[in-house]
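Visitor: Starting off with a structure, shown below.
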Amino acid sequence: MTKRNTYRAGPDEGGHFGIYGGRFVAETLMPLILEVERAYARYKDEPEFLAEKAYYYKHYVGRPSPLYYAKRLSERCGGAKIFFKREDLNHTGAHKVNSCIGQILLARRMGKTRVIAETGAGQHGVATATVCALFDIPCVVYMGTTDVARQAPNVFRMKMLGAEVRAVTSGSATLKDAMNEALRDWVANVHDTYYLIGTVAGPHPYPMMVRDFQSVIGNETREQILELEGRLPDSLVACVGGGSNAMGLFYPFLDEADVRIVGVEAAGDGIRTGRHAASITAGRPGVLHGNRTYLLQDADGQIQEAHSISAGLDYPGIGPEHSWLKDAGRVEYATITDKESVEAFHLLTRTEGIIPALESAHAIAHAVKMAPKLPKSHLMVVSLSGRGDKDLDTIAKISGPASVGEQKKGQPP
Amino acid sequence: MSRAPHTRLARRFAALRTEGRAGLVTFLTAGDPDAKTAWKILKGLPGAGADVIEIGMPFSDPMADGPAIQASSLRALKAGQTLKKTIGVVARFRKADRDTPIVLMGYFNPIYSYGVAKFLKDARAAGVDGLIVVDTPIEEEDELCGPARAAGLDFIQLVAPTTGEARLPKVLARASGFVYYVSITGITGTRSAAVSDVAGAVRRIRRHTHLPIAVGFGIRTPKQAAEIARIAEAAVVGSALINVIADGLDKSDKAKKGLGPRVLGLVTRLARGVRSAKSGRGAKWKAA
Ligand SMILES: Cc1ncc(COP(=O)(O)O)c(C=O)c1O
């Protein structure tokens with residue numbers, strides 16, 4: 001795959017991005033994985049499939065999502081011109097629905113009559129439950145008990161939408177364990193079930209397929225910035241959990257050598273504390289959930305628990321294509337702590353009147369760090385991957401509802 | 001048979017064939033619930049009637065396993081088990097037992113982390129005979145299957161009910177030691193397959209291989225083991241044994257008195273079940 005002149009040729013036939021990716025699954029699942037791969041290859045460029053996907057993107061999700069120039073925030077930072085790609089305005093409130101629409105249309109063509117998914121923040125669970133309601137397909141969502149507790153509004157939404165939410169108590173009871181449990185369900189229900197994975201992880205073809213569906217983010221951004229500014233952006237910034245909103249924004253720009261690309265991992269309490277979710281920054285390559293990638297693991301190859309205030313970033317791995325892009329030196333990976341992300345959450349809320357998801361707040365925090373050092377002519381696009389309604393409980397617990405109210409008008413904390 | 005089989009697994013299956021019976025394969029997780037108790041059980045397995053011993057290499061995220069084996073892996077890890085220690089246990093076992101084949105079973109990441117070449121060298125030197133690694137299907141054969149066979153270890157391939165006709169010969173072409181038929185589409189320790197389905201699957205596999213066939217997933221009782229022994233070369237029992245361990249722990253997961261003998265007691269009953277089923281069908285496969 002490593003044609004020297006492009007970063008966009010991957011994966012190879014076996015689903016490898018360099019040494020990363022692949023299909024590390026049990027034999028029971030392997031024929032299913034191959035079936036998904038065949039189905040995706042058959043439909044991905046088929047006009048009818050594309051037309052149906054485009055229809056739902058436009059009329060149901062509300063695409064294209066705006067590219068918004070954050071004037072007040074930019075002025076406050078005193079440097080780069082910051083634009084937000086407003087995935088928070090999508091139906092269901094995050095980018096996750098882009099891939100859910102694509103995958104549910106595929107699942108239907110494959111004749112699957114039951115859908116399962118894993119979720120951390122609950123955004124992917126909500127998006128999956130939503131498209132399942134839309135197409136009248138029974139849906140089971142696996143979610144760690146830790147996340148069930150901290151993302152209660154989303155649990156309620158999923159249930160309202162008719163999904164069954166199964167709380168997972170094993171391991172750290174977060175996203176990693178939800179994914180284990182979803183894979184176990186799939187092994188037991190291969191005949192009728194489609195596993196709708198929420199990020200650019202899992203065995204091939206998922207990392208490629210989810211990236212392709214999410215690339216609508218970057219493709220629209222390209223058109224929109226050309227229209228607004230007449231040129232391509234100078235930098236892109238996105239948070240990275242599994243890495244789907246980031247891959248979606250980055251992918252169409254990978255071969256634009258002048259575009260600086262930055263992925264932001266969750267540093268939790270700080271990298272040095274060991275309580276974080278920064279697999280690229282602090283992990284090493286290993287094999288989990290069907291692919292090889294950077295993982296948080298101990299000396300014996302046991303997977304470690306990740307820690308982040310943001311449930312959607314609380315995962316000890318990362319999509320394999322990110323690992324490859326990191327090694328290739330094409331994308332930089334930075335980290336943002338819980339504390340910094342909460343500050344950015346408040347900052348955006350007060351300066352722009354946009355309440356971001358805590359996941360997205362990681363990208364915003366890093367953008368705010370970068371921007372002051374850059375010239376005013378610098379065009380920066382930040383993925384605002386989701387809205388923060390789901391995080392209000394978490395914020396209230398940390399900052400206190402009262403203290404939030406006490407902040408002086410016009411003065412972001 | 002033209003010459004004496006040169007691997008421990010082949011010798012053991014040849015001997016079983018001569019006896020005219022199927023074998024019992026036991027699965028237990030290394031270091032569960034603690035190294036000392038696990039060692040006592042392991043030492044006693046051949047005497048209790050285990051013909052082949054599978055030792056689980058505990059992993060934090062055992063995706064193909066049900067609650068029993070998940071819990072056993074976590075107990076072992078909590079008690080300090082590592083891959084290095086697991087290999088060490090095999091070396092210790094080999095000092096006293098040169099005949100009982102040992103197969104390490106688990107997931108790829110701990111092996112990858114240890115270093116594949118070093119792992120294969122150390123495992124072979126310790127007296128490991130074969131490997132079963134759940135998450136390295138034939139699509140990833142260069143990762144472990146190829147190197148393992150080159151290093152002189154058997155690589156036991158899993159065949160599932162979902163393995164189709166076109167795929168089956170490809171999987172079996174890469175198998176050695178024996179073939180492990182996963183009798184249900186599901187995780188360990190949950191359901192049991194209907195014997196007639198298993199018999200059909202075993203016939204299907206046998207059309208493509210001369211290797212002995214072991215059947216696992218869902219075999220709990222001596223009666224079930226006996227039924228499988230009539231149609232395959234071996235029955236694998238794991239979760240049922242691990243449930244005995246789980247039942248013999250106090251609130252802080254410490255082994256209560258008599259835990260080891262209780263586990264070995266079930267092994268003895270399972271072995272009796274297997275041995276009661278003289279099949280005469282061992283002649284269906286040829287020693288390598
Ligand atoms: C709003 C939002 N952003 C980002 C993420 C992280 O996922 P990914 O890295 O796949 O975009 C999530 C995951 O739940 C999310 O809800």
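The values are calculated or read from the model by the stated rules, or taken from the named source; none is laboratory data. All figures in this text were calculated on a predicted structure; none of them were measured in a lab. Reconstructed Cβ throughout: ideal geometry from the backbone, glycine too, with neighbour counts over all protein chains shown. Accessible surface is based on the protein model in full, side chains and every heavy atom, while ligands, DNA and RNA are left aside. Shrake-Rupley method; radii C 1.70, N 1.55, O 1.52, S 1.80 Å.
Visitor: Can you confirm whether A:Val210 is in contact (Cβ under 8 Å) with a residue 40 or more places away in the chain, within 16 Å of the ligand (Cβ to nearest atom), touching a Phe, Trp or Tyr at 6+ places or on another chain (Cβ under 8 Å) and open to solvent by less than 10 Å² (accessible area, probe 1.4 Å)?
Guide: No.
Visitor: Here is a follow-up. Residue under question is A:Asn219, and the condition is that it be within 24 Å of A:Gly263 (Cα to Cα) and more than 13 Å from the ligand (Cβ to nearest atom); does it hold?
Guide: yes
Visitor: Right, here's the next one. Taking the stretch A:15-24 as the region of interest, how many residues are in contact with a helix residue (DSSP H, G or I) (Cβ under 6 Å, 6 or more places away or on another chain) and either assigned to a loop (DSSP other than H, G, I, E, B) or away from chain B (no Cβ under 11 Å) (or both)?
Guide: Final tally of qualifying residues: 3.
Results for (1) hydrophobic (A, V, I, L, M, F, W, C); (2) out of contact with any Asp or Glu (no Cβ under 9 Å at 6 or more places or on another chain); (3) crowded, with 24+ Cβ neighbours inside 10 Å, shown as yes or no for each residue.
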| residue | (1), (2), (3) |
| --- | --- |
| A:Ile261 | yes, no, no |
| A:Ala266 | yes, no, yes |
| A:Thr281 | no, no, no |
| A:His307 | no, no, no |
| A:Ala328 | yes, yes, no |
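Visitor: Please determine whether any residue of the stretch A:24-31 is open to solvent by less than 30 Å² (accessible area, probe 1.4 Å) and acidic (Asp, Glu).
Guide: Initial filter on the stretch A:24-31 (open to solvent by less than 30 Å² (accessible area, probe 1.4 Å)): A:24-31.
Now drop any that are not acidic (Asp, Glu), which leaves A:27.
Yes, because at least one residue in the stretch A:24-31 is open to solvent by less than 30 Å² (accessible area, probe 1.4 Å) and acidic (Asp, Glu).
Visitor: Of the conditions (1) touching a strand residue (DSSP E or B) at 6+ places or on another chain (Cβ under 9 Å); (2) open to solvent by 20 Å² or more (accessible area, probe 1.4 Å); (3) closer than 25 Å to A:Pro252 by Cα, A:Ile355 clears all except one; give me its number.
Guide: (3) is the only condition that A:Ile355 fails.
Visitor: Related question: Just name the residue that is farthest from B:Gly189 (Cα to Cα) out of those in the stretch B:70-86 that are away from chain A (no Cβ under 12 Å) and open to solvent by 10 Å² or more (accessible area, probe 1.4 Å).
Guide: B:Ala79
Visitor: Also, quick follow-up: Go through (1) farther than 21 Å from B:Leu16 by Cβ; (2) in contact with a Gly (Cβ under 6 Å, 6 or more places away or on another chain); (3) away from chain A (no Cβ under 11 Å) one by one and return the number of the condition B:Gly177 breaks.
Guide: Here B:Gly177 meets the rest and fails (1).
Visitor: Something else about it: So which residues in the stretch B:60-69 are touching a helix residue (DSSP H, G or I) at 6+ places or on another chain (Cβ under 6 Å) and within 9 Å of chain A (Cβ to nearest Cβ), if there are any at all?
Guide: B:Asp61, B:Pro62, B:Met63
Visitor: Here is a list of conditions, (1) at pLDDT 95 or above; (2) within 25 Å of A:Glu181 (Cα to Cα); (3) part of a loop (DSSP other than H, G, I, E, B), and A:Tyr315 meets all of them except one; can you say which number that is?
Guide: If we test A:Tyr315 against (1) at pLDDT 95 or above; (2) within 25 Å of A:Glu181 (Cα to Cα); (3) part of a loop (DSSP other than H, G, I, E, B), just (1) comes out false.
Visitor: Give A:Ala238, A:Ala246 a once-over and let me know the one that is of a type in the set (Gly, Ala, Ser), outside any helix (DSSP H, G or I) and either away from the ligand (no atom under 16 Å from the Cβ) or surrounded by 24 or more Cβ atoms within 10 Å (Cβ to Cβ) (or both).
Guide: Among A:Ala238, A:Ala246, only A:Ala238 is of a type in the set (Gly, Ala, Ser), outside any helix (DSSP H, G or I) and either away from the ligand (no atom under 16 Å from the Cβ) or surrounded by 24 or more Cβ atoms within 10 Å (Cβ to Cβ) (or both).
Visitor: Yes or no: the stretch B:50-67 includes at least one residue that is of a type in the set (A, V, I, L, M), at pLDDT below 95 and either in contact with an Asp or Glu (Cβ under 8 Å, 6 or more places away or on another chain) or farther than 21 Å from B:Pro5 by Cβ (or both).
Guide: yes
Visitor: Just checking, which of A:Tyr69, A:Tyr57 is away from chain B (no Cβ under 14 Å) and either touching a Phe, Trp or Tyr at 6+ places or on another chain (Cβ under 7 Å) or within 16 Å of the ligand (Cβ to nearest atom) (or both)?
Guide: A:Tyr69
Visitor: Restricting the search to the stretch B:88-106, which residues are open to solvent by 10 Å² or more (accessible area, probe 1.4 Å) and within 14 Å of chain A (Cβ to nearest Cβ)?
Guide: Answer for the stretch B:88-106, where residues must be open to solvent by 10 Å² or more (accessible area, probe 1.4 Å) and within 14 Å of chain A (Cβ to nearest Cβ): B:Gly88, B:Met105.
Visitor: Which ones in the stretch B:19-46 are among the β-branched types (Val, Ile, Thr) and part of a loop (DSSP other than H, G, I, E, B)?
Guide: Within the stretch B:19-46, no residue meets the criteria.
Visitor: Same structure again: Would it be correct to say that A:Thr130 is over 17 Å from A:Ala363 (Cα atoms), assigned to a helix (DSSP H, G or I) and touching a residue at least 12 places away in the same chain (Cβ under 8 Å)?
Guide: Here the answer is yes, as A:Thr130 does meet what is asked.
Visitor: Kindly provide the set of residues from the stretch B:107-120 that are of a type outside the set (Gly, Ala, Ser) and surrounded by 14 or more Cβ atoms within 10 Å (Cβ to Cβ), ordered by number.
Guide: B:Tyr107, B:Phe108, B:Asn109, B:Pro110, B:Ile111, B:Tyr112, B:Tyr114, B:Val116, B:Phe119, B:Leu120
Visitor: I'd like the full set of residues that are open to solvent by 20 Å² or more (accessible area, probe 1.4 Å), assigned to a loop (DSSP other than H, G, I, E, B) and of a type in the set (Val, Ile, Thr), limited to the stretch A:164-197.
Guide: Within the stretch A:164-197, A:Thr169 is the sole residue that qualifies.
Condition check ((1) under 25 Å from A:Val190 (Cα atoms); (2) free of Cβ contacts under 8 Å to residues at least 60 places away in the same chain; (3) open to solvent by less than 30 Å² (accessible area, probe 1.4 Å)) across all residues:
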site	(1), (2), (3)
B:Thr188	yes, no, yes
B:Val195	yes, yes, no
B:His210	no, no, no
B:Ala225	no, no, yes
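Visitor: Let me confirm something: among A:Thr337, A:Thr293, which residue is in contact (Cβ under 8 Å) with a residue 24 or more places away in the chain, open to solvent by less than 10 Å² (accessible area, probe 1.4 Å) and hydroxyl-bearing (Ser, Thr, Tyr)?
Guide: Only one candidate passes the filter, namely A:Thr293.
Visitor: Another one. Can you tell which of A:Val97, A:Val36 is assigned to a helix (DSSP H, G or I), away from every other protein chain (no Cβ under 14 Å) and not basic (Lys, Arg)?
Guide: It is A:Val97.
Visitor: Could I ask something else about it? Is there any pair linking a residue in the stretch A:226-250 that is over 15 Å from A:Gly263 (Cα atoms) and more than 14 Å from chain B (Cβ to nearest Cβ) to one that is more than 8 Å from the ligand (Cβ to nearest atom) and in a loop (DSSP other than H, G, I, E, B), with Cβ under 7 Å and at least six apart or on different chains, and which?
Guide: Close Cβ pairs (under 7 Å, with a partner that is more than 8 Å from the ligand (Cβ to nearest atom) and in a loop (DSSP other than H, G, I, E, B)) amount to A:Leu232/A:Glu256; A:Leu232/A:Val259; A:Pro233/A:Val259.
Visitor: How many residues does the stretch A:100-129 hold that are in contact with a Leu (Cβ under 6 Å, 6 or more places away or on another chain) and more than 12 Å from the ligand (Cβ to nearest atom)?
Guide: Count: 3.
Visitor: Could I ask something else about it? Here's a check for you: in the stretch B:123-156, which residue that is open to solvent by 30 Å² or more (accessible area, probe 1.4 Å) and within 14 Å of chain A (Cβ to nearest Cβ) is nearest to A:Arg292 (Cα to Cα)?
Guide: Residues of the stretch B:123-156 open to solvent by 30 Å² or more (accessible area, probe 1.4 Å): B:124-125, B:139, B:141-143, B:146-147, B:149-152.
With within 14 Å of chain A (Cβ to nearest Cβ) added as a condition, the list becomes B:139, B:141-143.
Working: B:Glu139: 14, B:Glu141: 14, B:Asp142: 14, B:Glu143: 11 Å.
The qualifying residue nearest to A:Arg292 (Cα to Cα) is B:Glu143.
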